[in-house]
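Written below as structure tokens is the structure these notes are about.
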Amino acid sequence: MKVSVVLPTYNEAENITAIVHEIFASLRQHETEILVVDDDSPDGTWHIAEQIGSHFGRLRVVRRQAPRSFRASLSDGISLTRGEIVCWMNADFSMPPSLLTALVDAVATGQDLAVGSRYVTGGSDSRAEAPLHRFLSRTLTRTAGWLLSSKLRDSTSGFIAVRRTALDHLLPLEGDRGGYFMTLVCRAQQSGLKVMEVPYALMPRRAGQSKTASGILAHFSRAWSYLRLILSLRHAGTCLPSTAVPSKIRSNVRRTGRCRARRS
């Protein structure tokens, strides 16, 4: 199975070498390529990645010099992938490369999307330094599930494996760093794609500094922006309410462990 992993990066010089090695190790049973899409990092992440690429023929590096944007970097990377399964994740080790095997296997055995989830049985958010962030994230995810009739527990995950043929239903990406994923999973639900959540523990970044503002005002500003997005998606009907979705589609979203969607 050909697998592509997209790593959008900005100032990840301290992490990039190790995470590339761990991704290749995790997916050694597959024909794997990695695309590092760097937003012209001042710390030279792109240069380090290019040096690694000279030893790995399956590593490609894109140095973006357009205005910096996580979503644009991710979109550019996805457009360049060649794999039958396309994955993306953070490059700071908050998302464990070892989980890629389970995500890819879920898609290889029939799912259209496999989402790394903090909020199904067995998952967690282990960032002890960010209690307010964790609280708001969990609250917004529950709100999204209620207002959008979504059975997905972690609608802002950003850790995912997708069947290439499913991308036509999900692109283009729209929204900011977290909002784009909420829109993406709504489109998946609307299209009747098969989605599975795989539990994982979100960890503190291994090295370097977070790109997410951590002040109280910044947290509430982000939460307000997500709430506005949720209301906008509900108003636009991007996520069909469960009463409007055929039972065979409603049963498509499954969770590992004891959390499973009810079948009609």
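The values are calculated or read from the model by the stated rules, or taken from the named source; none is laboratory data. None of these values were measured; they are calculated from a predicted model. Quick reminder, even Gly has a Cβ in these numbers, built from the backbone with ideal geometry, and neighbours come from all protein chains shown.
Can you pull out every residue in the range 63-102 that is acidic (Asp, Glu) and closer than 14 Å to Glu33 by Cα? Show your work before the answer.
Start the filter on the range 63-102 by keeping residues that are acidic (Asp, Glu), which leaves 76, 84, 92.
If the condition is that a residue be acidic (Asp, Glu) and closer than 14 Å to Glu33 by Cα, then Glu84 is the only one that fits.
Report, by residue number, each residue of the range 1-15 that is more than 23 Å from Val162 (Cα to Cα) and surrounded by fewer than 24 Cβ atoms within 10 Å (Cβ to Cβ).
Result: Tyr10, Asn11, Ala13, Glu14, Asn15.
Based on this model, can you work out whether Thr143 counts as surrounded by fewer than 21 Cβ atoms within 10 Å (Cβ to Cβ) and either among the small types (Gly, Ala, Ser) or modelled with pLDDT under 95 (or both)?
Against the criterion (surrounded by fewer than 21 Cβ atoms within 10 Å (Cβ to Cβ) and either among the small types (Gly, Ala, Ser) or modelled with pLDDT under 95 (or both)), Thr143 qualifies.
Just checking, which of Gly116, Gly83, Gly77 is crowded, with 17+ Cβ neighbours inside 10 Å, within 19 Å of Ala201 (Cβ to Cβ), modelled with pLDDT of 95 or more and of a type outside the set (A, V, I, L, M, F, W, C)?
When all the criteria are applied, what remains is Gly116.
Go through (1) in contact with a Phe, Trp or Tyr (Cβ under 8 Å, 6 or more places away or on another chain); (2) without any contact (Cβ under 8 Å) to a residue 24 or more places away in the chain and name the single condition His21 misses.
(1)
So if I check each of Ala18, Ala49, which one is surrounded by fewer than 15 Cβ atoms within 10 Å (Cβ to Cβ) and among the aliphatic types (A, V, I, L, M)? Reasoning before the result, please.
Details: Ala49 fails: surrounded by fewer than 15 Cβ atoms within 10 Å (Cβ to Cβ).
Going through Ala18, Ala49 in turn, the sole match is Ala18.
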